[in-house]
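Here, each number is a calculation from the coordinates, and none is a lab measurement. Bear in mind the structure is a predicted one, so any value in this text is a computation, not a measurement. All Cβ positions, even for glycine, are placed from backbone atoms using ideal geometry, and neighbour counts span all protein chains on display.
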Amino acid sequence: MVFSSQIFLWYFLPLALAVYYVARLGPRWLSHCLLILLSWGFYGWANPPFVLLLMLSTAVDFTCGWWVAHSQPRATTGRAELPLCPPGGQRSRAQRAAVGVSVCTNLGILGFFKYANFGIESWNDTVEALGLSHLAWRDFLRVTLPLGISFYTFQSMTYTIDVYRGHARATRNIIDFACYVSLFTQLVAGPILRFSEVATQLVTRRHDFERFARGTALFALGMAKKILVANPAGKVADVCFEAGSLMPLEAWWGAAAYSFQIYFDFSGYSDMAIGLGLMLGFVFPKNFDSPYKSRSLTEFWRRWHISLSSFLRDYLYLPLGGNRRGPTRTYANLMIVMLLGGLWHGAALNFVVWGGIHGLGLGLERALGGRSLYHRLPDPLRMGLTFAIVTVGWIFFRAPDMSSAVEYLGHLVGASEVDSGASLVGGVVYQPYYLFSLGLAAILTWRAPQAWDWTFELTAPKALAALACLWLASLALFTQTYNPFIYFIF
């Protein structure tokens with residue numbers, strides 16, 4: 001189930017809010033138990049057995065977190081809570097074993113379901129290239145990817161790691177922890193939360209009209225971004241990327257359309273997730289901060305998908321040594337992190353190349369003292385060049401395989417043969433509706449404030465504008481047959 005669907009908007013969400021607010025009249029555990037059940041229903045809507053994986057991650061990390069904390073001396077803590085591990089202190093063998101079990105279990109689940117098919121296909125390609133086709137695994141197991149598995153395994157795993165590092169205190173309450181892991185508001189697409197960000201809110205949080213109204217406005221704006229901007233941009237991108245032949249202008253138009261699609265699709269979903277959290281009393285951090293206004297790739301990664309960027313920094317880049325072991329190791333660490341970040345998004349060579357492009361760019365900017373190669377240019381040109389680099393990178397993200405990505409790059413520079421049918425593409429993608437939609441996307445990208453900031457002080461006119469956006473998006477939802485969600489498969 002996705003937020004931008006009629007079944008969620010008109011059935012699941014009203015039911016979830018009604019049940020939750022009625023349950024709030026009782027003890028906290030009751031409302032959290034109902035949230036857990038609703039979240040499991042939300043997640044298992046298309047494939048109920050996948051809920052078992054969510055339960056497994058929850059059980060393993062709750063147990064491992066308790067194990068880490070229970071192995072810590074209790075001299076400075078009372079009976080009501082488990083001890084906090086001192087940051088930077090020595091850890092026992094039992095504590096190291098506990099965090100190892102957590103990491104191996106979660107990465108094992110993620111690796112099997114996300115990369116098993118890739119491994120089988122790679123094996124088959126290799127043996128066929130060697131003339132050993134009889135060794136190919138034709139009838140071997142094929143794995144279906146559980147929705148959002150990358151997000152909830154990361155989120156669950158960070159709990160044990162943070163308890164081990166002394167950045168969070170372990171909880172004794174498995175109901176609260178299960179609510180943290182499975183909360184439907186950000187279960188399948190983030191933002192990736194850390195337990196320390198919501199630990200206090202799981203115990204007590206504020207429910208009032210102001211917070212609920214801001215949440216409703218954020219959800220409305222996120223829905224409008226997804227339905228009214230991302231979907232039309234995605235239609236243009238699909239036409240261009242699926243065309244057999246393209247002229248350079250249409251190729252750039254299609255690439256830019258995909259840049260807008262992925263941004264408004266994902267940032268809109270994040271706005272909806274944060275808004276839903278507010279409706280339930282939770283305050284989640286901002287996940288996007290006008291990334292296409294960036295004047296360098298370094299700045300882009302401070303603004304794009306902030307919860308993932310900070311995850312890669314804190315749980316991969318810094319443990320590898322960060323920038324503390326000299327320039328060469330720093331560049332290598334940046335490249336490793338971005339290559340793995342690309343592989344996290346998809347088990348294919350084109351995703352790895354996408355990560356390599358960003359890793360190379362970040363390394364070059366690090367060598368220049370954190371500045372881009374074009375840092376002397378005026379800000380508008382720096383933003384434009386950064387957007388162009390990011391857009392070229394998105395081609396590898398959007399193309400179905402590496403050969404298709406290379407072919408599309410040839411269209412960008414006019415290096416590919418153009419047949420007579422190429423002129424027909426312009427007749428489709430330059431229709432007034434699509435021109436208006438992409439023009440609106442550009443205005444919102446470079447001139448409008450972020451929805452998270454705009455709703456911080458919600459006035460009556462803003463509330464009416466947000467509700468009007470929700471009304472328009474709802475009408476469009478009834479008429480649109482094209483309604484993909486890019487990050488749903490990650």
Charges on Cβ only, +1 for Lys and Arg, -1 for Asp and Glu, centred on the Cα centroid of region 343-435; of Phe351, Leu435, Leu362, which one is farthest towards the dipole's positive end? Leu362
Scan region 391-490 for trypsin sites (Lys or Arg not before Pro) in coil per DSSP, keeping those whose Cβ has at most 13 other Cβ atoms within 10 Å, and list them by number. Arg447
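Where does the charge balance sit around Ala347 when Lys and Arg score +1, Asp and Glu -1, over other residues with C-beta under 15 Å from its C-beta? Mind showing how you got there, number by number?
On the way: positive: Lys114, Arg142; negative: Glu121, Asp125, Asp401.
For residues surrounding Ala347, the net value is -1.
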Checked against the positive end of the charge dipole of region 6-204 (+1 on Cβ of Lys and Arg, -1 on Cβ of Asp and Glu, about the Cα centre), the farthest of Gly100, Ala129, Phe12 is Gly100
Sparse-neighbour loop sites [chymotrypsin sites (Phe, Trp or Tyr not before Pro); region 386-463; at most 16 other C-beta within 10 Å; DSSP]: Tyr430, Phe456
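Kindly identify region 6-204 as rounded, prolate or oblate by the Cα gyration tensor criterion: order the square roots of the eigenvalues as a ≥ b ≥ c, call it rounded if a/c is under 1.5, otherwise compare a/b with b/c, prolate if a/b is larger, else oblate. Let's see the in-between values first.
Details: a/c = 3.25, a/b = 1.30, b/c = 2.50.
Note, shape of region 6-204 comes out oblate.
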Dipole moment magnitude, nearest 20 debye, region 6-204 about Cα centre, only Lys, Arg, Asp, Glu C-beta charged: 760
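If you wrap the chain's Cα atoms in a convex hull and average its projection over all directions, what's the area in nm²?
Details: hull surface 107.4 nm².
Approximately 26.8 nm², given one-decimal rounding.
Taking only C-alpha pairs under 8 Å that are 6+ residues apart, what is the relative contact order of region 6-204 in percent? Write out the running numbers ahead of the final one.
Values: 218 pairs, mean separation 58.6, N = 199.
Taking the mean separation of contacting Cα pairs over the length of region 6-204, I get 29 percent.
What's the longest bit of the chain with no exposed GluC sites (Glu not before Pro), using DSSP loop states and at most 16 other Cβ atoms within 10 Å as the test?
Numbers: sites that count: Glu81, Glu417, Glu457.
For GluC sites (Glu not before Pro) (loop position, at most 16 other Cβ atoms within 10 Å), the longest site-free span of the chain is 82-416.
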Relative contact order in percent for region 193-306 (Cα pairs under 8 Å, 6+ apart) equals 34
How large is the charge dipole for the chain, taken about the Cα centre, if only the Cβ atoms of Lys, Arg (+1) and Asp, Glu (-1) carry charge, to the nearest 20 debye? 1960
Evaluate the relative contact order of the chain (contact order divided by residue number), counting alpha-carbon pairs under 8 angstrom at least 6 apart; express in whole percent. 18
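Restricting to DSSP loop positions (anything but H, G, I, E, B) with no more than 10 other Cβ atoms inside 10 Å of their own Cβ, which chymotrypsin sites (Phe, Trp or Tyr not before Pro) remain in region 92-149?
Working: sites: Phe112, Phe113, Tyr115, Phe118, Trp123, Trp137, Phe140; in loops: Trp137, Phe140.
Taking region 92-149 and a limit of 10 other Cβ atoms within 10 Å, no loop chymotrypsin sites (Phe, Trp or Tyr not before Pro) are found.
Are there DSSP H segments in the chain that both extend 18 Å or more along their axis (alpha-carbon positions) and score a mean Kyte-Doolittle hydropathy of at least 1.6? List them, or say none.
Details: long enough: 28-43 (22 Å, 1.00); 51-70 (28 Å, 1.38); 93-129 (46 Å, 0.25); 149-165 (24 Å, 0.09); 209-224 (22 Å, 0.69); 248-279 (46 Å, 0.51); 327-345 (27 Å, 0.65); 349-367 (27 Å, 0.79); 379-398 (28 Å, 1.00); 432-446 (21 Å, 1.27); 460-479 (29 Å, 1.64).
Going by DSSP H runs, the hits are 460-479.
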Dipole of region 197-280 [Lys/Arg +1, Asp/Glu -1 at C-beta], most positive-end residue of Ala243, Val198, Gly268: Val198
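Between Tyr433 and Val283, what length comes free when the chain is fully extended (0.36 nm per residue of separation minus the Cα-Cα distance, one decimal in nm)? If you can, show how the numbers build up before the last one.
On the way: separation 150, 0.36 × 150 = 54.00 nm, distance 3.65 nm.
Full extension of this stretch gives 50.4 nm more.
Work out the length of the dipole vector of region 160-316 about its Cα centre, built from +1 on the beta-carbon of each Lys and Arg and -1 on the beta-carbon of each Asp and Glu, and round it to the nearest 20 debye.
Values: 17 positive and 13 negative charges, 107 e Å.
It works out to roughly 520 debye.
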